[in-house]
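The values are calculated or read from the model by the stated rules, or taken from the named source; none is laboratory data. Predicted, not measured: the structure shown is a model, and the values here were computed from it. We place every Cβ from the backbone using ideal geometry, glycine too, and count neighbours over all the protein chains shown. SASA here: full protein model, heavy atoms, side chains in, ligands and nucleic acids out. Shrake-Rupley method; radii C 1.70, N 1.55, O 1.52, S 1.80 Å.
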Amino acid sequence: KTTTLVGKVSQVISSGIARPDQIMLLTFSRAAAEEMKGRIASKVRGAEQLTAGTFHSVALSILRSFHAEWAEMRGFHEAPTVIDEEKQKDIVSLLAGKRLSDFLGLPFNTILWLTTPHNRKKAASLAGFELVRGPLDELLREYRDYKSEHSLSDFGDLIGDCSGLLRERPDIRRSLHEAFRYIFIDEFQD
């Protein structure tokens, strides 16, 4: 699949259908994005100008390009600071630590695991989940409030913020539509 995608992008560039700077290539890992960009560059000149990255890194790049609009959308005075997973753990730990007893003895790592939407969805059908749903909802509200109060975004916010910005701002959507003629996605089924 990746070889086919590399060939397709190379063909689009070499045939003159689109310039490299008009192409966006999305994948799930930084290493895969760099590898594909390198393979394309070995086939056609100028390929280093194409935008290639993970969904999150490209979303962050777009958000930073429109930082004032991003800040406005989030209700901040300036673009939010993006925090890494370690800082996210520290904040959740601080907030959850105030009332660990509400989680009925669940280990902190499990509480942290339950704060991501994907993991929470997986756990929702497990016996006993209902017992911690309320405290978990409250913890997530506190975490969102904390991020708002401190102008922060985490890794999980990037795609939602980017899609929200594109949904709310037709001018930005139009600008990106004009900038990128082709968007290629590797491992789309994942």
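Of note:
- Over region 22-123 - Rg/Rh using Cα atoms and the Kirkwood inverse-distance radius: 1.13
- Close amide H pairs (under 5 Å, H built 1.01 Å from N) link T54 with T27, residues at least 5 positions away or on another chain.
- Accessible-area composition of the chain, carbon plus sulfur, in percent [1.4 Å probe]: 52 percent
- Debye log10 I(q)/I(0) at q = 0.19 Å⁻¹ for the chain, Cα point scatterers: -1.21
- Computed helical MRE - 222 nm, the chain, DSSP H runs ≥ 4 contributing -39500 (n - 2.57), nearest 500: -18000 deg cm²/dmol
- In this structure region 39-154 gives 59 Å² per residue of accessible area when probed at 1.4 Å with all protein chains present.
- When the alpha carbon gyration tensor of region 71-120 is reduced to an equivalent ellipsoid, the three semi-axes, largest first, read 26, 12, 10 Å.
- Region 96-169 - convex hull of the alpha-carbon atoms, volume per residue in Å³: 108 Å³
- Computed E for S148/T116 - FRET, C-beta separation, R0 22 angstrom, nearest 0.05: 0.75
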